[in-house]
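Below is one structure, written out as structure tokens, with a few remarks after it.
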2 protein chains.
Amino acid sequence: MARVIVDVMPKPEILDPQGQAIVRALPGLGFEGVTSVRQGKRFEIEIDGGDPAAIARQAAEALLANPAIEDFTVHLDG
Amino acid sequence: MARVIVDVMPKPEILDPQGQAIVRALPGLGFEGVTSVRQGKRFEIEIDGGDPAAIARQAAEALLANPAIEDFTVHLDG
């Protein structure tokens, strides 16, 4: 059983309204100095057999990420 | 300028219907062997000045995570 992490983030050129809303909210909560927030998704996946990293990469391309607007990275956990 | 990553995941005892939907969808797309998917959020944060990891941790507690149902980790990027 392998544990694989897939991180999916909006491409740099894509607007991220959720991240921008967080940047705007933080000063009102007393946080200074936060200049940028980008929000993405993190998947923790358990895979039994095969090549776990390759399976996770193909699943990211097929289902977890939208390649038009998102980049992803895959790494084995631990 | 420091870059800090905040990963927010549902606590283990919390149901994750998004992750479960992905597990159920994958066999139909030809993926075998995926036994568990947990979906969370990843924040890439840029912070100018202060103690970036401490600021990010406080922001996670205040805004990015719901401590009733989510755990988070903070680490400096690079």
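Based on what the data block shows, is A:Ala68 surrounded by 12 or more Cβ atoms within 10 Å (Cβ to Cβ), free of Cβ contacts under 8 Å to residues at least 12 places away in the same chain and aliphatic (A, V, I, L, M)?
Working: surrounded by 12 or more Cβ atoms within 10 Å (Cβ to Cβ): no; free of Cβ contacts under 8 Å to residues at least 12 places away in the same chain: yes; aliphatic (A, V, I, L, M): yes.
Here the answer is no, as A:Ala68 does not meet what is asked.
So which residues in the stretch A:12-27 are under 15 Å from B:Leu63 (Cβ atoms) and of a type outside the set (A, V, I, L, M, F, W, C)?
Here is the first cut: in the stretch A:12-27, the residues under 15 Å from B:Leu63 (Cβ atoms) are A:18-27.
If the condition is that a residue be under 15 Å from B:Leu63 (Cβ atoms) and of a type outside the set (A, V, I, L, M, F, W, C), then A:Gln18, A:Gly19, A:Gln20, A:Arg24, A:Pro27 are the ones that fit.
In the stretch A:9-29, which residue that is surrounded by fewer than 20 Cβ atoms within 10 Å (Cβ to Cβ) and within 8 Å of chain B (Cβ to nearest Cβ) is nearest to B:Phe43 (Cα to Cα)?
Residue satisfying both the conditions and the ranking: A:Gly19.
Restricting to the stretch B:64-78, name every residue that is over 13 Å from the mean Cα position of the chain (by Cα) and modelled with pLDDT of 95 or more. If you could, list the steps in order and put the result at the bottom.
Within the stretch B:64-78, the first condition is being over 13 Å from the mean Cα position of the chain (by Cα), and the residues that meet it are B:68, B:76-78.
If the condition is that a residue be over 13 Å from the mean Cα position of the chain (by Cα) and modelled with pLDDT of 95 or more, then B:Ala68, B:Leu76 are the ones that fit.
Inspect all residues belonging to the stretch B:20-43 and state whether any of them is out of contact with any helix residue (DSSP H, G or I) (no Cβ under 8 Å at 6 or more places or on another chain) and polar (S, T, N, Q).
Checking the stretch B:20-43: at least one residue is out of contact with any helix residue (DSSP H, G or I) (no Cβ under 8 Å at 6 or more places or on another chain) and polar (S, T, N, Q).
Can you tell me which residue in the stretch B:9-50 is nearest to the chain's Cα centre (by Cα), limited to those that are among the small types (Gly, Ala, Ser) and more than 25 Å from A:Pro12 (Cα to Cα)? Show your work before the answer.
Taking the stretch B:9-50 as the starting set, the residues that turn out to be among the small types (Gly, Ala, Ser) are B:19, B:21, B:25, B:28, B:30, B:33, B:36, B:40, B:49-50.
If we keep only those that are more than 25 Å from A:Pro12 (Cα to Cα) as well, we get B:19, B:21, B:25, B:28, B:30, B:33, B:36, B:50.
Numbers: B:Gly19: 13, B:Ala21: 18, B:Ala25: 21, B:Gly28: 26, B:Gly30: 27, B:Gly33: 23, B:Ser36: 16, B:Gly50: 24 Å.
Taking the candidates together, the pick is B:Gly19.
Is at least one residue of the stretch A:31-52 of a type in the set (Asp, Glu) and either more than 25 Å from B:Glu70 (Cα to Cα) or more than 10 Å from every other protein chain (Cβ to nearest Cβ) (or both)?
Keep residues of the stretch A:31-52 that are of a type in the set (Asp, Glu), which gives A:32, A:44, A:46, A:48, A:51.
With either more than 25 Å from B:Glu70 (Cα to Cα) or more than 10 Å from every other protein chain (Cβ to nearest Cβ) (or both) added as a condition, the list becomes A:48, A:51.
Yes, that holds for at least one residue.
Report the residue count in the stretch B:30-61 for those that are open to solvent by 60 Å² or more (accessible area, probe 1.4 Å), under 22 Å from A:Gly30 (Cα atoms) and either touching a Gly at 6+ places or on another chain (Cβ under 8 Å) or of a type in the set (S, T, N, Q) (or both).
3
Yes or no: the stretch A:66-74 includes at least one residue that is more than 7 Å from chain B (Cβ to nearest Cβ) and aromatic (Phe, Trp, Tyr).
Restricting attention to the stretch A:66-74, the residues satisfying the condition of being more than 7 Å from chain B (Cβ to nearest Cβ) are A:66-74.
Still in the list and also aromatic (Phe, Trp, Tyr): A:72.
Looking through the stretch A:66-74, at least one residue is more than 7 Å from chain B (Cβ to nearest Cβ) and aromatic (Phe, Trp, Tyr).
The values are calculated or read from the model by the stated rules, or taken from the named source; none is laboratory data. As the structure is a computational prediction, the values presented were derived from the model and not from experiment. Don't worry about glycine lacking a Cβ; one is built from the backbone with ideal geometry, like all the others, and counts go over all protein chains shown. Protein only, heavy atoms only, side chains kept; ligands, DNA and RNA dropped before computing areas. Shrake-Rupley method; radii C 1.70, N 1.55, O 1.52, S 1.80 Å.
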